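The values are calculated or read from the model by the stated rules, or taken from the named source; none is laboratory data. No experiment lies behind these values; they were computed from the predicted model shown. FYI the Cβ positions are ideal-geometry reconstructions off the backbone, even for glycines, and counts take in every protein chain you see. With ligands, DNA and RNA removed, areas are computed over all heavy atoms of the protein, side chains included. Shrake-Rupley method; radii C 1.70, N 1.55, O 1.52, S 1.80 Å.
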Amino acid sequence: MTTYTSFQENILKYVDLSEDELAHFTSFYSLQKIEKNTIILNQGEVCEFESYVIEGCFKIFYQDENIKEHILYFAIEDWWILDVGSFVSGQMSKLNIQALEDSVVLTISRAAKEQLYEDIPKVEKLFRIMNQKSLASMQLRIISMLHKNADKRYLDFNERYPTLSQRIAQHQIAAYLGISHEFLSKVKKRILLNKKEF
């Protein structure tokens with residue numbers, strides 16, 4: 001399996017491209033290796049890139065005035081990473097993107113993506129679908145934060161990221177759930193106890 005195989009398979013799920021079109025599409029992306037803990041986007045910068053994760057894990061987060069992290073989501077293999085608002089508008093990002101593992105991504109610049117639209121107009125369908133899926137996912141995340149207790153949010157996390165808890169620190173899961181590390185420990189114990197009762 002080549003580096004680009006999973007990427008190309010992901011693309012072809014959403015848009016029908018000929019072999020030549022797929023090769024041309026792929027040529028717009030550059031391969032990047034990113035070391036663990038590297039921040040590839042800081043709050044206040046303009047997001048000039050969009051990346052597809054080949055290997056590794058990233059957190060996309062906001063840092064408030066008290067330097068507290070609020071993790072919006074994690075991106076693992078076959079996920080895309082960017083600040084879509086900043087990427088589309090050219091305005092300063094309110095988000096940070098950091099590698100949690102040594103990672104490999106395929107990256108396209110904002111200017112190159114515009115050229116790609118010119119060269120292969122039907123790929124706009126691909127990114128429209130991606131944006132719709134991303135919006136739907138974020139809406140569910142907001143609803144979960146507003147209406148579900150910590151136990152249910154933790155169960156949702158494990159359903160969405162079934163293997164991720166073995167790859168990241170517990171305090172990062174807590175930041176995603178909007179609770180303290182200490183309270184996360186209580187949540188996990190409570191859930192485990194409930195499972196034993198059934």
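Answer with yes or no whether Lys133 is under 16 Å from Ile60 (Cβ atoms) and open to solvent by 30 Å² or more (accessible area, probe 1.4 Å).
Against the criterion (under 16 Å from Ile60 (Cβ atoms) and open to solvent by 30 Å² or more (accessible area, probe 1.4 Å)), Lys133 qualifies.
Only one of (1) touching a residue at least 40 places away in the same chain (Cβ under 8 Å); (2) surrounded by fewer than 20 Cβ atoms within 10 Å (Cβ to Cβ); (3) under 18 Å from the mean Cα position of the chain (by Cα) fails for Asn96. Which number is that?
Just one mismatch for Asn96, condition (2).
Considering only region 1-40, state which residues are without any contact (Cβ under 8 Å) to a residue 24 or more places away in the chain, among the aliphatic types (A, V, I, L, M) and assigned to a loop (DSSP other than H, G, I, E, B).
The answer is Met1, and nothing else.
Taking region 49-87 as the region of interest, how many residues are among the β-branched types (Val, Ile, Thr) and over 22 Å from Asn10 (Cα atoms)?
Counting residues in region 49-87 that are among the β-branched types (Val, Ile, Thr) and over 22 Å from Asn10 (Cα atoms) gives 2.
If you take the residues of region 156-198 that are among the hydrophobic types (A, V, I, L, M, F, W, C) and over 18 Å from Ala75 (Cα atoms), which of them is surrounded by the fewest Cβ atoms within 10 Å (Cβ to Cβ)?
Once the filter is applied, the top-ranked residue is Phe198.
Within region 110-123, does at least one residue satisfy the condition of being open to solvent by 30 Å² or more (accessible area, probe 1.4 Å) and either among the aliphatic types (A, V, I, L, M) or under 22 Å from Ile39 (Cα atoms) (or both)?
Yes, there is a match, as at least one residue in region 110-123 is open to solvent by 30 Å² or more (accessible area, probe 1.4 Å) and either among the aliphatic types (A, V, I, L, M) or under 22 Å from Ile39 (Cα atoms) (or both).
Given Phe74, Phe61, which one is in contact with a His (Cβ under 9 Å, 6 or more places away or on another chain) and assigned to a strand (DSSP E or B)?
After ruling out the rest, the residue left standing is Phe61.
Quickly run through region 41-58 and pick out the residues that are in a strand (DSSP E or B) and open to solvent by 10 Å² or more (accessible area, probe 1.4 Å).
Val46, Phe49, Ile54, Glu55
In region 106-117, is there at least one residue being part of a loop (DSSP other than H, G, I, E, B), out of contact with any His (no Cβ under 6 Å at 6 or more places or on another chain) and touching a residue at least 12 places away in the same chain (Cβ under 8 Å)?
No, because not a single residue in region 106-117 is part of a loop (DSSP other than H, G, I, E, B), out of contact with any His (no Cβ under 6 Å at 6 or more places or on another chain) and touching a residue at least 12 places away in the same chain (Cβ under 8 Å).
Only one of (1) open to solvent by less than 20 Å² (accessible area, probe 1.4 Å); (2) within 23 Å of Ile179 (Cα to Cα); (3) modelled with pLDDT of 90 or more is not met by Ser144, so which one is it?
(3)
Quick check on my filter: what residues within region 60-87 are within 11 Å of the chain's Cα centre (by Cα), touching a residue at least 60 places away in the same chain (Cβ under 8 Å) and open to solvent by 10 Å² or more (accessible area, probe 1.4 Å)?
Leu72, Tyr73, Ile76, Glu77, Asp78
Quick one: would you say Gln91 is of a type in the set (S, T, N, Q) and open to solvent by 70 Å² or more (accessible area, probe 1.4 Å)?
Considered against the rule, which asks whether it is of a type in the set (S, T, N, Q) and open to solvent by 70 Å² or more (accessible area, probe 1.4 Å), Gln91 comes out as yes.
Which ones in region 129-178 are touching a residue at least 60 places away in the same chain (Cβ under 8 Å), assigned to a helix (DSSP H, G or I) and among the small types (Gly, Ala, Ser)?
Across region 129-178, the qualifying residues are Ser137, Ala175.
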